[in-house]
1. Which is the longest stretch in the chain that no exposed loop site breaks, taking sites as GluC sites (Glu not before Pro) with a DSSP loop state and at most 13 other Cβ atoms within 10 Å?
2. May I ask you to sort 189, 138 by Cβ crowding, counting other Cβ atoms within 10 Å and putting the fewest first?
3. Please say if the stretch 53-137 is rounded, prolate or oblate, where rounded means a/c under 1.5 for a ≥ b ≥ c the square roots of the C-alpha gyration tensor eigenvalues, and otherwise the choice is prolate for a/b larger than b/c and oblate otherwise?
4. With the crude spin-label approximation of a point 7 Å out along Cα→Cβ, what separation in nm comes out for residue 66 versus residue 166?
5. So what J values fall out for the stretch 47-54 if you push phi through Karplus, 6.51 cos²θ - 1.76 cosθ + 1.60 with θ = phi - 60°, rounded to Hz, Gly and Pro as x?
6. In Å and whole numbers, how far do the C-alpha atoms of the chain stretch along each principal axis, longest first?
7. Cα centroid distance between the stretch 70-114 and the stretch 1-47, in Å?
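Each reported figure results from applying straightforward, stated rules to the coordinates on display, with no laboratory input. Since the model is a prediction, treat every value here as computed from it, not as a measurement. So basically every Cβ, Gly included, is an ideal-geometry build from the backbone, and we count neighbours across all protein chains shown.
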Amino acid sequence: MVMERFEEFVDPVDGTRWTVDVGFLGSRWRCIWGEGCQGILDEPAEALGHGCCSVGTELLDEEEAMTLSALAATLDPDLFQFRAWADEHGIFEDERRRRTITVDGACVFLNRPGFRGGAGCALHRQALRDGERPIDTKPSVCWQLPLVVEHEADGRARLRRWGRGDRGPEGATMAWCCTEGDNAQVGSKPTAEELADELRALVGPEVAVAIRRWVAD
Ligand code: SF4
């Protein structure tokens, strides 16, 4: 188990005081979807290929819902297994448009193992095909995981790893959690480097550089 270790970094531009889990960002965690990820269900379920997409994804606000809706309409059917299904049923769980809908037990955007266009997130696959960064096209929660930012009222902010508690009551019975134990500690470089784009987008360029320097020392 990689221990938590929090260090403080101050953004020289806006003054935000970041408390950051450098224990995790200095570890060798990397996403092992398709390489041993057991998912987030109560039973280990590697063969399903769901990763953390079993429950759809939560959307920040109506703006993010509108962006996702527009993007979904442009997805290539060859890369989007549930194109026809989505055209008929939509992509949102309900009329509030705050969560993606699930199909056969996972997010509508998740292509399943065996799909001829390739398994995995259709948004992610199309971004890579088009030479774009997945973090510029996927919903916030999807590209941020397993990092979580909590902003506090006094101008402080905390960057930590995702954990069971973030799933609410269901988290306690998850068969496995990729930020616990050593199963996903298989990266060839520190997690802060592995997630360099994500880190920069979350904390800003100056703090991202400071964190990467810290873990490199
Ligand atoms: S972030 Fe964790 S749970 Fe999600 S797909 Fe990657 S290894 Fe699996």
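1. 153-217
2. Going from sparsest to densest Cβ surroundings: 189, 138.
3. Oblate shape, in that a/c is at least 1.5 and b/c is the bigger or equal ratio.
4. 2.7
5. Residue by residue, the stretch 47-54 yields 5, 5, x, 6, x, 9, 9, 5 Hz.
6. The principal-axis extents, from largest down, are 50, 35, 35 Å.
7. 27
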